[in-house]
Amino acid sequence: MKKLKRSARLVEMTQYLMARPHTLISLTAFADRYQSAKSSISEDLAIIKEVFEEEGLGELHTLAGAAGGVKYIPMMAKAEALSIIKDFCRQLEQPERVLPGGYLYMTDMLGMPSLMNEVGRMFATIFAQKEIDVIMTVETKGIPLAYATAIYLNLPVVIVRRDNKVTEGSAVSINYVSGSNKRIQTMSLARRALKERSRVLIIDDFMKAGGTVQGMMDLLHEFNAEVAGVGVFVESGEIGTEERLLEDYVSLAKLSAVDLKTKYTKIIPGNYFFQHEEE
């Protein structure tokens, strides 16, 4: 590209980095791109790093050596995340959102790009230090969350199906017990969708007892894959600990109380804001 003035170069470099999270970019690549000396590029990166950290936009990691460079790690301060989730909780407490069985209508909110963008950045912040190869979710409502998270972690997404799709070729299918209604259901994953021994981040939109997530974990065993983490958008607090099939997970919001007759609900921030305090 043509040689830019420094002010313009700073803007373009910032956009370039933010569009490529978790990607190592060498100083040589920047120097060639902007037709500038590496010393000038280093000074620019120092300015961008300072702004990122001061404004809570993320971190800029520098790796020294011939194969080194810089890597942008998107982050969101817990205070900012809490403010967003509290507003989400207030919207979710609307009486008309209560569905039979103690579920909540969230489809419209899962379809809001601005909200999904923020939630994706939250999950990316939570699991930034984990070694992850792929993000997994089950169709259909978890898909927007998984892709939003994938954008900030720069990872592929694998979608578990409720039934076999001819267009996906041979698949591995398992039966699992839904934790909330004890029904036996089926989920499947195409054999080509996931490499063996992959480290997988599971993302789910709503968790009651955790049967669906446990089903995905069991499915991963068939691929000799490892669970790197579990992120849940909203969990139900109506399930007792003895009924919960899952213990190690991070939730952003929690349905702490629901009355089906009066349609009263109480939504509070999830365990991330209490069990995963910043050091």
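The values are calculated or read from the model by the stated rules, or taken from the named source; none is laboratory data. Please read these numbers as outputs of a predicted model, since none were measured by experiment. Note: ideal-geometry Cβ built from the backbone for every residue, glycine included; neighbour counts use all protein chains shown. Side chains are part of the model used for accessible areas, which takes the heavy atoms of the whole protein and leaves out ligands, DNA and RNA. Shrake-Rupley method; radii C 1.70, N 1.55, O 1.52, S 1.80 Å.
Can you tell me which residue is farthest from the chain's Cα centre (by Cα) among those in the range 211-247 that are without any contact (Cβ under 8 Å) to a residue 12 or more places away in the chain and either closer than 15 Å to ILE132 by Cα or open to solvent by 50 Å² or more (accessible area, probe 1.4 Å) (or both)?
Within the range 211-247, the match that is farthest from the chain's Cα centre (by Cα) is GLU242.
For the range 119-145, which positions are within 18 Å of GLU59 (Cβ to Cβ), in a helix (DSSP H, G or I) and not hydroxyl-bearing (Ser, Thr, Tyr)?
GLY120, ARG121, MET122, PHE123, ALA124, ILE126
Of these, ARG161, ARG191, which one is of a type in the set (Lys, Arg), more than 22 Å from GLY101 (Cβ to Cβ) and under 21 Å from the mean Cα position of the chain (by Cα)?
Just one listed residue meets the conditions, ARG161.
Which condition breaks for LYS141 when tested against (1) surrounded by 15 or more Cβ atoms within 10 Å (Cβ to Cβ); (2) within 19 Å of TYR272 (Cβ to Cβ); (3) of a type in the set (Lys, Arg)?
Failed condition: (2).
So for the range 18-27 (the condition being at pLDDT below 95, surrounded by fewer than 12 Cβ atoms within 10 Å (Cβ to Cβ) and either among the aromatic types (Phe, Trp, Tyr) or more than 21 Å from the chain's Cα centre (by Cα) (or both)), does at least one residue qualify?
No, the range 18-27 has no match at all.
Which pairs turn up if I take residues in the range 46-72 that are assigned to a strand (DSSP E or B) and look for partners that are open to solvent by 80 Å² or more (accessible area, probe 1.4 Å) with beta carbon separation below 6 Å, at least 6 apart in sequence or on another chain?
VAL70/THR62
Can you tell me which of (1) in contact with an Asp or Glu (Cβ under 9 Å, 6 or more places away or on another chain); (2) small (Gly, Ala, Ser); (3) modelled with pLDDT of 95 or more is the one SER83 doesn't meet?
Of everything listed in (1) in contact with an Asp or Glu (Cβ under 9 Å, 6 or more places away or on another chain); (2) small (Gly, Ala, Ser); (3) modelled with pLDDT of 95 or more, SER83 misses just condition (1).
Of the conditions (1) open to solvent by less than 70 Å² (accessible area, probe 1.4 Å); (2) in a loop (DSSP other than H, G, I, E, B); (3) within 29 Å of VAL134 (Cβ to Cβ), LEU4 clears all except one; give me its number.
Status for LEU4: all satisfied but (3).
Are any residues in the range 175-216 over 15 Å from VAL250 (Cα atoms) and among the aliphatic types (A, V, I, L, M), and if so, which ones?
VAL177, ILE184, MET187, LEU189, ALA190, ALA193, LEU194, MET216
I'd like to verify a number: residues in the range 28-39 that are open to solvent by less than 40 Å² (accessible area, probe 1.4 Å) and either touching a Phe, Trp or Tyr at 6+ places or on another chain (Cβ under 6 Å) or assigned to a helix (DSSP H, G or I) (or both), how many?
Within the range 28-39, residues that are open to solvent by less than 40 Å² (accessible area, probe 1.4 Å) and either touching a Phe, Trp or Tyr at 6+ places or on another chain (Cβ under 6 Å) or assigned to a helix (DSSP H, G or I) (or both) number 3.
Can you tell me which residues in the range 248-267 are open to solvent by 40 Å² or more (accessible area, probe 1.4 Å), in a strand (DSSP E or B) and touching a Gly at 6+ places or on another chain (Cβ under 8 Å)?
Residues satisfying the conditions are LYS254, SER256.
For the condition in contact (Cβ under 8 Å) with a residue 60 or more places away in the chain, in contact with a Pro (Cβ under 6 Å, 6 or more places away or on another chain) and among the small types (Gly, Ala, Ser), what is the one hit in ALA124, ALA81?
Result: ALA124 is the single residue among ALA124, ALA81 that is in contact (Cβ under 8 Å) with a residue 60 or more places away in the chain, in contact with a Pro (Cβ under 6 Å, 6 or more places away or on another chain) and among the small types (Gly, Ala, Ser).
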